[in-house]
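Every number here is computed from the coordinates shown, using simple stated rules; none is lab data. Keep in mind the model is a prediction, meaning the values are calculated, not measured. Ideal geometry is used to build each Cβ from the backbone, glycine not excepted, and the neighbour counts take in all protein chains shown.
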Amino acid sequence: MKIVFYGAGNMAHAIFTGIVNSNVLPPENIFLTNRSNEDALKSYQDDLGVQYSYDDKKLLDQADYIFLGSKPHDFDKIADRIREYVQPNHKFISIMAGLPISYIREKLSVDNPIARIMPNTNAHVGHSVTGVSFSNNFGPRSKDEVLNVINAFGSAIEVQEDHLHQVTAITGSGPAFLYHVFEKYVQAGTKLGLEKSQVEESIQELIIGTSKMIERSDLSMEQLRKNITSKGGTTQAGLNALSQYDIEGIFEDCLNAAVNRSIELSAQDDD
Ligand SMILES: NC(=O)c1ccc[n+]([C@@H]2O[C@H](COP(=O)([O-])OP(=O)(O)OC[C@H]3O[C@@H](n4cnc5c(N)ncnc54)[C@H](OP(=O)(O)O)[C@@H]3O)[C@@H](O)[C@H]2O)c1
């Protein structure tokens, strides 16, 4: 299987690194190109053994998958670069947020199978939760190939294309929402009188340990919380203070705002 990445930026880099490190594909089957930053491509070649080129004809010859990894507003230029070389057997994987399958097809003037995926930045540590949606003409074997690729940098959740907005909000933007909560927790912690660096280090370890508990325990998060909340104890006192606020409502507002923005942005791209 040959896969060609159009765009080798932040997110694509995490993805092809995951593919190489997990041996899903040998590095020589992975080809990269970008707009102009050849130094970046050279360093990926040196580090990972992947190949790169700016010759679109050669890149797309015998390719199985074309990975669309640019920002959405750069896609039209990529479409102009590759349109004449696209073959009926090529399948596309797009990470471009908000660009519908119908738009990609229209710009390329093709009806090839297209998978849209919505990874998140945790791909850098092999833990992206990635939403994926397939065009109707994506065959079962090809779907398995795409899921295999996604599993190289985390896990996959298959949804209808119009539900990618919700995936974008919950897990695409999700790391930023959690970072924000953690930042506030650190800020509040430092007001208790300990050294800032001590608080930062402790909370970092707290987050990692809590995540591992969630991962490794068979218990629900609710049960894990209940297990450390003795009646009348310190944890109970803190939770009582928290329960004065509508935390669920706050996150509902946050997620709805992100979903609505995702819908707005994709409507703009559709124009
Ligand atoms: N970052 C995230 O957390 C995240 C999460 C989910 C989805 N996404 C999606 O991932 C996509 C990429 O985001 P990013 O943060 O990785 O962007 P990025 O770091 O800016 O990378 C963009 C890449 O596209 C290349 N490019 C631009 N024009 C091109 C052209 N005409 N031909 C070939 N390559 C071209 C750039 O090449 P040069 O370097 O040479 O300019 C660069 O390699 C976006 O569509 C975004 O919606 C990102």
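Counting DSSP beta bridges in the chain, what percent are antiparallel, to the nearest 5? Working shown, then result.
Details: 4 of 26 bridges.
Roughly 15 percent of the beta bridges in the chain run antiparallel, per DSSP.
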Top of Ile203, Ile15, Ile170 by mean-square fluctuation, Gaussian network on the chain, Cα under 10 Å
Ile203
What order, most packed first, do the peptides 238-249, 88-99, 130-141, 257-268 have when packing is the mean number of other Cβ atoms within 10 Å of each residue?
88-99, 130-141, 257-268, 238-249
The local net charge around Ala156, scoring Lys/Arg +1 and Asp/Glu -1 for residues other than Ala156 whose Cβ lies under 14 Å from its Cβ, equals -1
Can you give the local net charge around Tyr52? Use residues other than it whose beta-carbon is closer than 14 angstrom to its beta-carbon, Lys and Arg +1, Asp and Glu -1.
-3
Could you pull the Rg and Dmax for segment 81-176, using just the Cα atoms, both in Å?
13.4, 39
Rounded tilt (10° steps) of 196-216 against the dominant C-alpha axis of the chain:
70 degrees
Calculate the length of the line joining the C-alpha centroid of segment 202-271 to that of segment 75-133, in whole Å.
31 Å
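What per residue convex hull volume, in Å³, comes out for segment 41-122 when only alpha-carbon positions are used?
Details: hull volume 9.2 nm³, N = 82.
It comes to 112 Å³ per residue, whole-number rounded.
Could you work out the relative contact order of segment 154-271? I mean the mean sequence separation of Cα pairs under 8 Å and 6+ apart, divided by the number of residues, in percent. Please report the intermediate quantities before stating the final value.
Details: 28 pairs, mean separation 53.2, N = 118.
Here the relative contact order equals 45 percent.
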By what distance, in whole Å, do the Cα atoms of the chain stretch along each of the three principal axes, largest value first?
70, 40, 33
Over the chain, what is the relative contact order in whole percent, taking alpha-carbon pairs under 8 Å and six or more residues apart?
15 percent
Report, in debye and to the nearest 20, how large the dipole of the chain comes out about its Cα centre when Lys and Arg carry +1 and Asp and Glu carry -1 on their Cβ.
400 debye
Angle in degrees between helix 140-151 and the longest Cα principal axis of the chain, rounded to the nearest 10:
50 degrees
Among DSSP beta bridges lying fully in segment 1-142, give the percent that are antiparallel, nearest 5.
20 percent
What percent does the relative contact order of segment 1-107 come to when contacts are Cα pairs within less than 8 Å and at least six residues apart?
30 percent
Which whole-Hz couplings ³J(HN,Hα) result when phi for each residue of segment 16-30 is put into the Karplus expression 6.51 cos²θ - 1.76 cosθ + 1.60, θ = phi - 60°, listed in order with x for Gly and Pro?
6, 5, x, 5, 5, 5, 9, 6, 5, 9, x, x, 5, 8, 10
